[in-house]
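These notes concern the structure reproduced below.
The values are calculated or read from the model by the stated rules, or taken from the named source; none is laboratory data. All values derive from a computational prediction rather than experimental measurement. Glycine gets a Cβ as well: all are built from the backbone with ideal geometry, and neighbour counts include every protein chain shown.
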There are 2 protein chains.
Amino acid sequence: MTGMASSTPLSPTPRSTVKRGRQRAQTDRATLHGILDSCLICHLATVRDGVPIALPTGYGRDGDTLYLHGSTGAASLRDATGDIPISVTVTRVDGIVYARSSFHHSMNYASAVIIGAATPVTDPDTKLRALQVLTEHLAPGSWAATRPPTRKELAQTAVLALSLDEASVKLRSGPPGDDDDDIGVHGDWAGVLPLRQVWGTPEPCPLLPTDVPVPDRVAHRSPLVPRSRPVAHLY
Amino acid sequence: MTGMASSTPLSPTPRSTVKRGRQRAQTDRATLHGILDSCLICHLATVRDGVPIALPTGYGRDGDTLYLHGSTGAASLRDATGDIPISVTVTRVDGIVYARSSFHHSMNYASAVIIGAATPVTDPDTKLRALQVLTEHLAPGSWAATRPPTRKELAQTAVLALSLDEASVKLRSGPPGDDDDDIGVHGDWAGVLPLRQVWGTPEPCPLLPTDVPVPDRVAHRSPLVPRSRPVAHLY
């Protein structure tokens, strides 16, 4: 049941990228991007009153910058700013691994941890761009189709930027890793039960006139599927 | 886009339970249990080398005790023991809230944060019980259908217990909370696009004989749906 997975550290500096070999580094970064692009929320870990707390937070990715946002009143975002390092974790569960032993039961998943100092985004243009990125991650097409933020709303919204430089990725995929002695001897079955996230039927706002059609950007939203599968099975 | 939600603190002590009124406290606890029972993984937040880190971790609930487990080699579990408080967060995303403004875009979700000092489970009977709870949470029916842990496997597995006494719950459900001035004026649509987790087609282990049927516990596994819906829409 330990479900240990290989850890793929991503290059913390350009120098180490070169050392590790360009091809591998690119693959790792594509995997990191793929995980971030296939999930909806992250967990922002900060320390409050001496206690580490991870809170679900919206995010958006712009190249190798991750944007987080929330109310200016949110304590977690205040905790996250300054020179104190914080971390962001994004996790996607892809399936349950049924093994011949309880011990080798596991999950298939992809997870990324990004560590760094988060910077408040205050430049108006950058902040608007960040909010566009955040909105489009949450609801593709919504930025153009809805009212843009007012000056007051911008003031109420805190945006943080976190570089993806220092990140690590953990993956597990593939069938169970049973002990040889158990195969053909124990368990009524073994394999993987995949888990998928699917969109349901859109539920119009009760205040919307009944003749307003559901736009394609909602009705035919792309499924949340892994966009960048690992080449190898790591487990 | 701030997506703020109401926070429901759960009673940290029996005394405060009485103060807050029995009925409300029971409801809150049922909501907490419902969130825990409808998710698969938690994020365990610890501090390592001064950096708060949240790592995806398996869990299982036994009454008001949460069990976590992992390899005895996992640094996060070592970090989590002792008198240092840690926290565990469980989050379920239920849908995307499309509003008339980008600002009021949000998510429907349920999230629980549990804070406390995690205790290593070392008593053999309790540890076996905890592993049963953990296995059954991950894969219902697997404990009886597969080989139990060996003494060596038990020694390789670290189990932590965390009381659910100190916990808070955050929920958002229901339609968008648009500004009155935006309704009928902005946006091409407004409403909720639900997000559901569904099981895929079981993928038998390649080492399994082809005539082994998929057991009901896998083929007809219960869907991961909210087991305890909040009564009121909180947003």
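Condition (residue is modelled with pLDDT under 95 and within 8 Å of chain A (Cβ to nearest Cβ)) applied to the range B:141-154: is it met by at least one residue? Taking every residue of the range B:141-154 in turn, none turns out to be modelled with pLDDT under 95 and within 8 Å of chain A (Cβ to nearest Cβ).
Only one entry of A:Asp64, A:Asp94 meets the criterion of being at pLDDT 95 or above, acidic (Asp, Glu) and over 25 Å from A:Thr157 (Cβ atoms), and that entry is A:Asp94. For the range B:50-65, the condition holds for no residue, the condition being that it is closer than 19 Å to B:Leu171 by Cα, more than 16 Å from the chain's Cα centre (by Cα) and facing chain A (nearest Cβ under 8 Å). Return the residues of the range A:74-96 that are within 9 Å of another protein chain (Cβ to nearest Cβ) and touching a residue at least 60 places away in the same chain (Cβ under 8 Å); say none if nothing qualifies. Selection gives A:Ala74, A:Ile86, A:Val88, A:Val93, A:Gly95, A:Ile96.
Take the residues in the range B:168-188 that are surrounded by 22 or more Cβ atoms within 10 Å (Cβ to Cβ) and modelled with pLDDT of 95 or more, then tell me which one is farthest from the other protein chains (Cβ to nearest Cβ). Don't jump to the end; show me each part of the working.
Taking the range B:168-188 as the starting set, the residues that turn out to be surrounded by 22 or more Cβ atoms within 10 Å (Cβ to Cβ) are B:169, B:171-172, B:176, B:178, B:187.
This time we only want the ones that are modelled with pLDDT of 95 or more, so: B:176, B:178.
Numbers: B:Pro176: 6, B:Asp178: 8 Å.
In this case the residue turns out to be B:Asp178.
Among the residues of the range B:26-49, just one is more than 25 Å from B:Leu131 (Cβ to Cβ) and at the interface with chain A (Cβ under 7 Å from one of its Cβ atoms), namely B:Val47. Evaluation of A:Thr135 against the conditions (1) in contact (Cβ under 8 Å) with a residue 60 or more places away in the chain; (2) within 23 Å of A:Asp79 (Cβ to Cβ); (3) facing chain B (nearest Cβ under 9 Å); (4) not basic (Lys, Arg) shows that the sole unmet condition is (2).
Please go through the range A:69-100 and pick out each residue that is β-branched (Val, Ile, Thr) and within 18 Å of the chain's Cα centre (by Cα).
Filtering the range A:69-100 down to residues β-branched (Val, Ile, Thr) leaves A:72, A:81, A:84, A:86, A:88-91, A:93, A:96-97.
Of everything in the range A:69-100, those that are β-branched (Val, Ile, Thr) and within 18 Å of the chain's Cα centre (by Cα) turn out to be A:Ile86, A:Val88, A:Thr89, A:Val90, A:Thr91, A:Val93.
Can you find a residue in the range B:97-113 that is within 15 Å of B:Thr65 (Cβ to Cβ) and either touching a Pro at 6+ places or on another chain (Cβ under 6 Å) or at the interface with another protein chain (Cβ under 9 Å from one of its Cβ atoms) (or both)? Within the range B:97-113 (the criterion being within 15 Å of B:Thr65 (Cβ to Cβ) and either touching a Pro at 6+ places or on another chain (Cβ under 6 Å) or at the interface with another protein chain (Cβ under 9 Å from one of its Cβ atoms) (or both)), the answer is no, since none of the residues qualifies.
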